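These notes are about the structure you will find just below.
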Amino acid sequence: MKTLVSANTRILVFKTDIRYEKDLDAVEKALTFLPGILSWNVDRHDAENILRIESPTSTPADIIAAMNQGGFICIELED
Amino acid sequence: MRARDEQKKQQLTEKAIEMIVKDGFDGLSMQKLAKAANVSPATIYIYFKDRDDLVRQVAIHAVDKMISSTFTGFDPRMSFAKGLARQWENRMNYMLDNPLHARFMEQIRHSPLGVEVFRKVKEEFSAIMKEFMHGAIRRKELVKLPLEIYWSVAFAPLYQLVKFHNDGKGMHDKPFTLDKKLMKTTLKLVIKALTP
């Protein structure tokens with residue numbers, strides 16, 4: 001479990017294969033069906049294409065499943 | 001719990017400054033920072049959204065530190081001699097105690113990010129320093145000069161001395177260390193030159 005940033009928002013971090021600007025629309029689509037995502041972003045300067053998600057409710061497994069369904073590789077980075 | 005988190009963020013911020021000074025902006029990556037700070041990359045992303053956010057937050061932190069150091073115990077309504085002495089002491093302490101920060105500030109000053117971060121600072125800074133200068137001119141403690149000349153006399157000597165100090169040598173490569181006594185001797189001359 002990751003460090004809490006506020007009362008109940010967790011920050012989840014994944015390495016992915018989101019490489020291109022055009023992939024971001026597909027990520028948006030993949031994540032829409034998950035409730036409770038406060039924000040997400042991809043660090044495009046990072047070699048591991050880090051996906052960072054702030055959510056009080058989603059579990060890493062939820063996100064990995066949604067991303068895989070959207071056609072992306074998505075592996076949780078543990079603390 | 002929260003206090004410990006802030007400490008970790010502080011530690012990552014200082015480490016990032018060290019890396020940027022050593023290897024430049026391009027030399028900084030989340031992976032490298034994680035390794036250098038002995039934490040997992042995931043931990044870094046708890047505090048910083050991405051690399052751009054890291055660099056921005058680091059720059060804002062450094063600028064805040066410079067401002068608060070410069071204005072500690074300073075009031076723009078102070079007499080010119082007192083106020084300038086306080087400014088010299090604060091600026092010297094900041095530069096000598098935080099050599100990495102001082103170098104980092106030079107690095108970001110001319111980058112696009114620096115221009116953005118400094119815009120806010122410049123307003124704050126110049127408003128206070130203008131009040132100080134105009135008050136001193138009104139009280140006839142300071143000669144009226146074009147700003148560039150005022151700055152060149154009032155502050156540039158200090159920056160040159162710090163530069164000698166950081167190089168470890170002065171004119172003709174002779175060893176040089178800046179101490180309070182030397183600083184005060186120079187400051188006296190500066191105040192003498194600027195007094196009407």
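The values are calculated or read from the model by the stated rules, or taken from the named source; none is laboratory data. No experiment lies behind these values; they were computed from the predicted model shown. Ideal geometry is used to build each Cβ from the backbone, glycine not excepted, and the neighbour counts take in all protein chains shown.
Observations
Results for (1) of a type in the set (Ser, Thr, Tyr); (2) farther than 27 Å from residue B:105 by Cα; (3) modelled with pLDDT under 95; (4) surrounded by fewer than 15 Cβ atoms within 10 Å (Cβ to Cβ), shown as yes or no for each residue.
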| site | (1), (2), (3), (4) |
| --- | --- |
| B:125 | no, no, yes, no |
| B:133 | no, no, no, no |
| B:142 | no, yes, no, no |
| B:150 | yes, no, no, no |
| B:172 | no, yes, yes, yes |
| B:176 | no, no, no, no |
| B:182 | no, no, no, yes |
| B:193 | no, yes, no, yes |
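- Residue B:64 meets each of the listed conditions (1) assigned to a helix (DSSP H, G or I); (2) farther than 27 Å from residue A:60 by Cα; (3) in contact (Cβ under 8 Å) with a residue 12 or more places away in the chain apart from (3).
- Only one of the listed residues (A:63, A:18) is part of a loop (DSSP other than H, G, I, E, B), surrounded by 14 or more Cβ atoms within 10 Å (Cβ to Cβ) and in contact with a strand residue (DSSP E or B) (Cβ under 9 Å, 6 or more places away or on another chain). That residue is A:18.
- Scanning the range B:19-36 for residues that are under 24 Å from the mean Cα position of the chain (by Cα) and buried (at least 16 other Cβ atoms within 10 Å of the Cβ) returns B:19, B:20, B:21, B:28, B:33.
- Check on residue B:161, in contact with a His (Cβ under 8 Å, 6 or more places away or on another chain), in the same structural domain as residue B:58 (by TED's automatic domain parsing) and assigned to a helix (DSSP H, G or I): no
- Count - residues of the range A:38-79 that are under 9 Å from the mean Cα position of the chain (by Cα), without any contact (Cβ under 8 Å) to a residue 40 or more places away in the chain and either away from every other protein chain (no Cβ under 11 Å) or under 11 Å from residue A:17 (Cα atoms) (or both): 3
- If you go through the range B:15-58 and keep only what is touching a residue at least 60 places away in the same chain (Cβ under 8 Å) and away from chain A (no Cβ under 13 Å), you end up with B:17, B:18, B:20, B:21, B:24.
- Test: residue in the range B:80-99 that is in a helix (DSSP H, G or I), surrounded by 13 or more Cβ atoms within 10 Å (Cβ to Cβ), in contact with a helix residue (DSSP H, G or I) (Cβ under 9 Å, 6 or more places away or on another chain) and of a type in the set (D, E, K, R): yes
- All positions within the range B:18-59 that are hydroxyl-bearing (Ser, Thr, Tyr) and assigned to a helix (DSSP H, G or I): B:43, B:45, B:47
- Residue identified as more than 13 Å from every other protein chain (Cβ to nearest Cβ), closer than 20 Å to residue B:29 by Cα and modelled with pLDDT of 90 or more among A:17, A:23: A:17
Conditions (1) modelled with pLDDT under 90; (2) buried (at least 17 other Cβ atoms within 10 Å of the Cβ); (3) in a loop (DSSP other than H, G, I, E, B), marked per residue:
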| site | (1), (2), (3) |
| --- | --- |
| A:2 | yes, yes, yes |
| A:11 | no, yes, no |
| A:27 | no, yes, no |
| A:37 | no, yes, yes |
| A:42 | no, yes, no |
